[in-house]
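The values are calculated or read from the model by the stated rules, or taken from the named source; none is laboratory data. Not measured: the values here are computed from a predicted model. Cβ coordinates were reconstructed from backbone atoms using ideal geometry, including for glycine residues, and neighbour counts include every protein chain displayed.
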Amino acid sequence: MRILVLGGAAGGGVPQWNCNASISSGVREGRIESPCRTQASIAVSSDRERWVLVNASPDLRQQFLEQRQLWPRPGRLRDSPVQAVLLTGGEIDNVAGLLTMRERQAFSLWATRQVLAMLDDNPIFEALDRDLVQRCPLPLDRSVAITGPEGELGIRVLAFPVPGKVPLYLEKRAGGDLAGSAEGSIGLEISAGERTFHYVPGCASLTPGIRNRIDGSDLLFFDGTLWSDDEMIAAGTGQKTGRRMGHMSISGPEGSIALLRDLKIGRKIFIHVNNSNPALLADSPQRAELNRAGWSIAADGMEIDL
């Protein structure tokens, strides 16, 4: 199984287009050591020819152009090796890139029934021709074989609920309860042959169920949005805590480094990293701390073989 990291950043990417805070401005101007990052997405293949995309970020067109393995295959006028798209939620970060895939290309679209209903409610997604793009319900806690226009792809996926929040654009409809439902935010257990990894790009809190699910994983991609809960407030770039946005922190006694320390996981990578997070900087004490704990930061273009 091959995994491509198409993007490693949270919403806005690094640098964020309208942000002049220290990390975004430093990356933009080349003053600090950190590569540019697009918004979080990965692609997975069991045969290195047909691919499953996990989340369609707003930066999807750029990500496709930068990954030769995702270019149209030779000898075909219109083509894509991307056979299926999986969504872990209905946030803009996860679904906006679907509109990049509207040029009458066949693929299957997998998400929970709740997220598919969100897409159904928004007529702009009817740009994805339903005669070509099959919308496939992804059940919770049951392994399914992912298929596309060319049949089974050799990838099995088990979706499991993850504490999160309703998408930003639906907060006013939520009646004050922003936590969302079990189908609103999910993690994925992705398998091919004997190898399995887990993808959890957003997580508001670590439940016993999630801990049990990811223990023993060959590879874990986990929510790395913020180093500390009040990070954006302290930097003056926002008014919300990480918990308010549906993300647990990396650091501290209730952070992901501490709470996942005792699990047996082959490789641990933080993804969906916000442009305010000091761990983005290769020479920062925060990066050194997470490296000592056995973690790394997802970088665009990273390739992993399991």
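Scanning the stretch 123-157 for residues that are free of Cβ contacts under 8 Å to residues at least 60 places away in the same chain, more than 16 Å from residue 90 (Cα to Cα) and either charged (D, E, K, R) or in contact with a Gly (Cβ under 9 Å, 6 or more places away or on another chain) (or both) yields 129, 130, 131, 134, 141, 142, 145, 152, 156.
Note on the stretch 234-305: enclosed strands (runs of 3 or more DSSP E) holding 2 or more residues that are more than 15 Å from the chain's Cα centre (by Cα) and surrounded by fewer than 16 Cβ atoms within 10 Å (Cβ to Cβ) are 303-305.
Filtering the stretch 161-202 to residues that are at pLDDT 95 or above and of a type in the set (A, V, I, L, M, F, W, C) leaves 162, 186, 188, 190, 192, 197, 200.
For residue 8, are the conditions met, namely being touching a Lys or Arg at 6+ places or on another chain (Cβ under 7 Å), surrounded by 15 or more Cβ atoms within 10 Å (Cβ to Cβ) and under 21 Å from residue 219 (Cα atoms)? Explain how you work it out, then say what you get.
Numbers: touching a Lys or Arg at 6+ places or on another chain (Cβ under 7 Å): yes; surrounded by 15 or more Cβ atoms within 10 Å (Cβ to Cβ): yes; under 21 Å from residue 219 (Cα atoms): yes.
Judged against the criteria, residue 8 is a match.
Which residue out of 86, 99, 53 is more than 29 Å from residue 141 (Cβ to Cβ) and of a type in the set (A, V, I, L, M, F, W, C)? Going through 86, 99, 53 in turn, just one is more than 29 Å from residue 141 (Cβ to Cβ) and of a type in the set (A, V, I, L, M, F, W, C): 99. Pairing each residue of the stretch 269-297 that is at positive phi with any residue that is in a strand (DSSP E or B), provided the two are 6+ apart or on different chains, yields C-beta distances under 6 Å for 272/223; 294/268. Restricting 191, 228 to those that are part of a strand (DSSP E or B) and surrounded by 17 or more Cβ atoms within 10 Å (Cβ to Cβ) reduces the list to 191.
Being free of Cβ contacts under 8 Å to residues at least 60 places away in the same chain, within 18 Å of residue 247 (Cβ to Cβ) and buried (at least 24 other Cβ atoms within 10 Å of the Cβ): is that true of residue 55 here? Considered against the rule, which asks whether it is free of Cβ contacts under 8 Å to residues at least 60 places away in the same chain, within 18 Å of residue 247 (Cβ to Cβ) and buried (at least 24 other Cβ atoms within 10 Å of the Cβ), residue 55 comes out as no.
Per the listing 23, 42, 3, 32, the residue uniquely on the phi < 0 side of the Ramachandran plot and either part of a loop (DSSP other than H, G, I, E, B) or surrounded by fewer than 18 Cβ atoms within 10 Å (Cβ to Cβ) (or both) is 32. The residues in the stretch 220-243 that are basic (Lys, Arg) and touching a residue at least 24 places away in the same chain (Cβ under 8 Å) can be counted, and the count is 1.
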